[in-house]
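Following: one structure in structure tokens, then a few remarks.
The values are calculated or read from the model by the stated rules, or taken from the named source; none is laboratory data. None of these values were measured; they are calculated from a predicted model. Heads up, the Cβs are rebuilt from the backbone with ideal geometry, glycines too, and the neighbour counts pull from every protein chain shown. The area values use the complete protein model at the heavy-atom level, side chains included, leaving out ligands, DNA and RNA. Shrake-Rupley method; radii C 1.70, N 1.55, O 1.52, S 1.80 Å.
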Amino acid sequence: MTSKTGTECFVYMTLPGETESVTAGRFELTKDRRGNALGKFVYGKSYLARGNAVAIDPIELKLSGATYETARLNGVFGALRDLGPDYWGRRVIEKRAGIPQLGELDYLLNSADDRAGALGFGLGQNPPAPRRKFNKTLELAKLQEIAEALMREEDIKTEEAAQIQDLMLIGTSMGGARPKAVVEDADGLWVAKFNRPDDRWNNARVEHAMLELAKICGISVAANRIETIAGKDVLLIKRFDRAKTGKGYTKSRMISGLTLLRAEETPDARWSYVLMAEELRRVVEEPKRDALELFRRMTFNALISNIDDHPRNHALIAKEREWSLSPAYDLTPAAVVAQDHRDLAMEIGDLGRYANAKNLLSQHTRFLLEEEEAKAIVSGMTDKVRTTWYDVVRAQGVTEKDAETIRSAFVYEGFSF
Ligand SMILES: Nc1ncnc2c1ncn2[C@@H]1O[C@H](COP(=O)(O)OP(=O)(O)OP(=O)(O)O)[C@@H](O)[C@H]1O
Ligand SMILES: [Mg+2]
């Protein structure tokens, strides 16, 4: 499906507890007089009239009859953009369309209807029937093959169109840069993340181990496991925005940290844990619990040198009406050489993005923590990571060689300066 007008689409919502969607409103992408992208969104009157209507975004798109406008993010409201494809999915869509670059609306309309969160996009006034068929975990071998063909740029032209179409049906609308697919088994839906040939270590195993280490540090993480397909490891992460019921899947709404912060795609002053803590405190059901959880995640990222902790690697979800921080995902260590100073992707405190214990503690009140409480968390987590990381990664099947390659990521010297 491509957009006929190229400028408008309907936005559908699967309401809390439901498995079928309803039309929530209309999104229009135009240009202002200067030629800059301008997005407009308006909720449908019949949607607003529902007793059970919920907002797409608790900050930017509150339930009201207003016409909302945005010029940020190429005119696509953050809460809509969050559910569209990123580097990986866009590449798959471009290959299928045979066009090197499509419009923002085309990416939303052409991606498969298995996107994160509770929204859908289409040209029909009424939403299509929900997807009932997903690729099965049993088909992972084939999916891995197609993903690999897509990664080997030169082979793609000879790849059968039908195969790419198969991959199209799954996972293109999940965000992120790494190759991935969505698969189903008896327990529900999973995000499958594949290794890349140019990875420096077995990414699937290491990410799996980091989720385990995070759990040991008291962080809430999505259920996950490793499947070995044709000798290669694939990381399966349970989708936390879907719940299986007798009549299909219910969906949780989801917005990224980037949307919560109303930040731009490229790093700016709003890329900040401190601001994120304040923004989430205004929105979530349990501010104290979630601010503490965010503090733990920020500390963990500093302790494992996860310098790719950009705002899209955080999310809020709402299963019912109320919002909360989603389980943690995409935790990856970086094997950095420098031992005295490392920066995370987001601001931590008074010393900027510096991954350092003093910096972590400098804004504790914004995370609703007393100084002593914050100190105890940082020192407790530091001890845990220092003393257990090696045993944890080895127990999760990371090879000795890979463990040595990532060794420099954990509790680097500058953390305690
Ligand atoms: N378990 C999950 N349930 C629901 N949505 C998820 C889950 N894990 C990830 N997502 C969504 O999919 C997106 C991509 O996942 P992830 O960040 O793991 O991929 P990535 O390709 O490694 O990302 P990056 O480009 O940051 O390296 C996330 O930003 C999030 O919106
Ligand atoms: Mg990510």
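Restricting the range 224-241 to residues that are more than 10 Å from ligand 1 (Cβ to nearest atom) and under 25 Å from R297 (Cβ atoms), which is least open to solvent (accessible area, probe 1.4 Å)?
Within the range 224-241, the match that is least open to solvent (accessible area, probe 1.4 Å) is V234.
Name the one entry in R321, R394 that is in contact (Cβ under 8 Å) with a residue 60 or more places away in the chain and outside the structural domain of A223 (by TED's automatic domain parsing).
Values: R394 fails: in contact (Cβ under 8 Å) with a residue 60 or more places away in the chain.
So the residue among R321, R394 that is in contact (Cβ under 8 Å) with a residue 60 or more places away in the chain and outside the structural domain of A223 (by TED's automatic domain parsing) is R321.
Go through Y87, Y107 for me and flag whichever is within 19 Å of the chain's Cα centre (by Cα), open to solvent by 30 Å² or more (accessible area, probe 1.4 Å) and not acidic (D, E).
Values: Y107 fails: open to solvent by 30 Å² or more (accessible area, probe 1.4 Å).
Being within 19 Å of the chain's Cα centre (by Cα), open to solvent by 30 Å² or more (accessible area, probe 1.4 Å) and not acidic (D, E) holds for just one of Y87, Y107, which is Y87.
Is it the case that some residue within the range 183-202 is over 23 Å from H314 (Cβ atoms), away from ligand 1 (no atom under 13 Å from the Cβ) and basic (K, R)?
Checking the range 183-202: at least one residue is over 23 Å from H314 (Cβ atoms), away from ligand 1 (no atom under 13 Å from the Cβ) and basic (K, R).
Condition test on V221, is it open to solvent by less than 20 Å² (accessible area, probe 1.4 Å) and outside the structural domain of Q396 (by TED's automatic domain parsing)?
Taking the combined requirement at face value, the residue does not satisfy it.
Please verify whether the range 340-362 includes one or more residues that are outside any helix (DSSP H, G or I), surrounded by fewer than 21 Cβ atoms within 10 Å (Cβ to Cβ), charged (D, E, K, R) and touching a helix residue (DSSP H, G or I) at 6+ places or on another chain (Cβ under 6 Å).
yes
Would you pick out the residues in the range 306-322 that are small (G, A, S) and more than 16 Å from ligand 2 (Cβ to nearest atom)?
Selection gives A318 alone.
Can we say E279 is at pLDDT below 95 and under 22 Å from I348 (Cα atoms)?
no
Answer with yes or no whether E207 is under 18 Å from the mean Cα position of the chain (by Cα) and either assigned to a helix (DSSP H, G or I) or more than 16 Å from ligand 2 (Cβ to nearest atom) (or both).
When the stated conditions are applied, E207 passes them.
In the list D330, D309, D290, which residue meets the criterion of being under 28 Å from L235 (Cα atoms), touching a strand residue (DSSP E or B) at 6+ places or on another chain (Cβ under 8 Å) and of a type in the set (D, E, K, R)?
When all the criteria are applied, what remains is D290.
Please give the strands (runs of 3 or more DSSP E) falling wholly within the range 14-114 in which 2 or more residues are of a type outside the set (S, T, Y).
In the range 14-114, the matching strands (runs of 3 or more DSSP E) lie at 22-31, 37-43.
Does the range 70-78 include one or more residues that are over 19 Å from T30 (Cα atoms) and either assigned by TED's automatic domain parsing to the domain that holds T23 or open to solvent by less than 30 Å² (accessible area, probe 1.4 Å) (or both)?
Within the range 70-78 (the criterion being over 19 Å from T30 (Cα atoms) and either assigned by TED's automatic domain parsing to the domain that holds T23 or open to solvent by less than 30 Å² (accessible area, probe 1.4 Å) (or both)), the answer is no, since none of the residues qualifies.
Of everything in the range 245-263, what is among the charged types (D, E, K, R) and away from ligand 1 (no atom under 16 Å from the Cβ)? Give them in sequence order.
Within the range 245-263, K247, R262 meet the criteria.
Would you mention how many residues in the range 201-216 are hydrophobic (A, V, I, L, M, F, W, C) and surrounded by fewer than 21 Cβ atoms within 10 Å (Cβ to Cβ)?
2
Of F300, F367, which residue is farther than 26 Å from G176 by Cα, more than 14 Å from ligand 2 (Cβ to nearest atom) and open to solvent by less than 20 Å² (accessible area, probe 1.4 Å)?
F367
One line per residue, one yes/no per condition, for (1) open to solvent by 40 Å² or more (accessible area, probe 1.4 Å); (2) at pLDDT 95 or above; (3) of a type outside the set (G, A, S):
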| site | (1), (2), (3) |
| --- | --- |
| T2 | yes, no, yes |
| T7 | yes, no, yes |
| T14 | no, yes, yes |
| V22 | no, yes, yes |
| D32 | yes, no, yes |
| F41 | no, yes, yes |
| L48 | yes, yes, yes |
| L61 | no, yes, yes |
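I need the full set of residues from the range 326-339 which are among the aliphatic types (A, V, I, L, M) and either open to solvent by 20 Å² or more (accessible area, probe 1.4 Å) or in contact with a Ser or Thr (Cβ under 7 Å, 6 or more places away or on another chain) (or both), in order please.
Hits for the range 326-339 are A328, A334, A335, V336, V337, A338.
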